[in-house]
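> Below you will find the structure I want to go over with you.
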Amino acid sequence: MAKLYLVGTGPGSSDYLTEAAIKASESVDVLVGSQRALDLFPGFSGETLLLKARNMDEMMKKSVSLVEDGKNVAILSTGDPGFSGVLKPIMNIRDDLDLEVVPGISSLQLAAARLQISWDDVNLITLHGKGNSDAVLDLLDNGKATIVLPDFRVEKLAQFLIGNGINPERKVTVCERLSYPDERLFTGTVKEVASEEFSYLCVMVIY
Ligand SMILES: C[S@@+](CC[C@H](N)C(=O)[O-])C[C@H]1O[C@@H](n2cnc3c(N)ncnc32)[C@H](O)[C@@H]1O
């Protein structure tokens, strides 16, 4: 039976791509991933399939059916496949494939490293694809910093927090485009984030 690899490719820069990720990705017939993940493998000579937010379900099913047809496939998952990544959608389609998960460095890990925050002492939550919700509000007053993957735009998350009674002066850091040459760490208030513009690639830390 052919094999499906779910390969974590890290936050973006090839500096954070592991040897294990490179080995797995170079061993397959088909590589599936977003453009920024595929760009990490410019020398790959097999078939590639482009993953976009809007064709996610279709590409997950297609990857599974390629494996069923005998092809070895790697789905590239930015960061780690197990955190808001491709592991859950694949397990929901079929949980009995010959599957190997290759972990990657999550954007959350790099955010914590940049800000020198110990993982022991934080709340971690993803709102990605779920919408802003009380789930984040429930964490904010337990004395720990909270690292959040926003649903979509970080400024919308800040507006949601203010709209739900969080002090607009509360301190936050937005970690934008981590590991890329234009990486930016913006420390300010929730109010400032609500009216600033950020790219899609952001992690927010709420103190
Ligand atoms: C589909 S989720 C994937 C998360 C990924 N599995 C991980 O472990 O980082 C995509 C979200 O992760 C965050 N993200 C991914 N790469 C990032 C980066 N280089 N800098 C900041 N945030 C990033 C952004 O919030 C983005 O919207």
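Coordinate-derived values only; no laboratory data. From a predicted model like this one, the values you see are computed outputs, not experimental measurements. When we count neighbours, we look across all protein chains shown, and the Cβ atoms used for this are built from the backbone with ideal geometry, even at glycine.
> Would you kindly derive the ³J(HN,Hα) couplings of the range 126-133 from the backbone phi angles with the Karplus curve 6.51 cos²θ - 1.76 cosθ + 1.60 (θ = phi - 60°), listing them in order in whole Hz, with x for Gly and Pro?
For the range 126-133, the Karplus curve yields 10, 10, 4, x, 10, x, 6, 8 Hz.
> Okay, next question. Taking Cα atoms, how many degrees apart are the long axis of helix 154-163 and the longest axis of the chain, rounded to 10 and kept between 0 and 90?
So the inclination is approximately 40 degrees.
> Among all the lysines, which ones have a C-alpha under 27 Å from residue 71's C-alpha, if same-chain residues fewer than 8 places away are not counted?
Of all the lysines, those that pass the test against residue 71 - Cα under 27 Å, at least 8 places apart if same chain - are 3, 23, 52, 61, 62, 88.
> To continue, here is another question. Starting from the Cα of residue 144, draw a straight line to each of the lysines and keep only those under 26 Å, dropping any in the same chain fewer than 8 residues away.
The qualifying lysines are 130, 156, 171, 191.
> Once fully extended, how much extra length lies between residue 170 and residue 128, figured as 0.36 nm per residue of separation less the alpha-carbon to alpha-carbon distance? List each step's numbers first, then the result.
Details: separation 42, 0.36 × 42 = 15.12 nm, distance 2.22 nm.
Full extension of this stretch gives 12.9 nm more.
> Let me ask you something else. If you take the beta carbon distance between residue 120 and residue 57 as r and set R0 to 35 Å, what does 1/(1 + (r/R0)^6) give as a FRET efficiency, to the nearest 0.05?
0.45
> Let me ask something else about it. When every alpha-carbon pair in the chain is counted, what percent end up more than 23 Å apart?
Details: 10006 of 21321 pairs.
Tail of the P(r) past 23 Å holds 47 percent of the pairs.
> How would the range 107-206 be classified by its alpha-carbon gyration tensor: rounded, prolate or oblate, with rounded meaning a/c under 1.5 and the a/b versus b/c comparison settling the rest?
On the way: a/c = 1.43, a/b = 1.14, b/c = 1.25.
Taking the square roots of the gyration eigenvalues as a ≥ b ≥ c, the range 107-206 is rounded.
> At a 10 angstrom cut-off on C-beta neighbours, averaged per residue, how do the peptides 60-73, 88-101, 187-200, 21-34 rank from highest to lowest?
Values: 60-73: 17.0, 88-101: 13.6, 187-200: 15.3, 21-34: 19.2.
Result, highest mean first: 21-34, 60-73, 187-200, 88-101.
> For the range 4-102, count the residues as N, evaluate 2.2 N^0.38 Å, and divide the Cα radius of gyration by that value, please. Intermediate values should be presented prior to the final figure.
Working: Rg = 12.0 Å, N = 99, 2.2 N^0.38 = 12.6 Å.
Dividing the Cα radius of gyration by 2.2 N^0.38 Å gives 0.95.
> In sequence order, what are the phi-derived ³J(HN,Hα) couplings for the range 56-65 according to the Karplus relation 6.51 cos²θ - 1.76 cosθ + 1.60 with θ = phi - 60°, rounded to whole Hz, with x for glycine and proline?
3, 4, 4, 5, 5, 5, 4, 4, 4, 6
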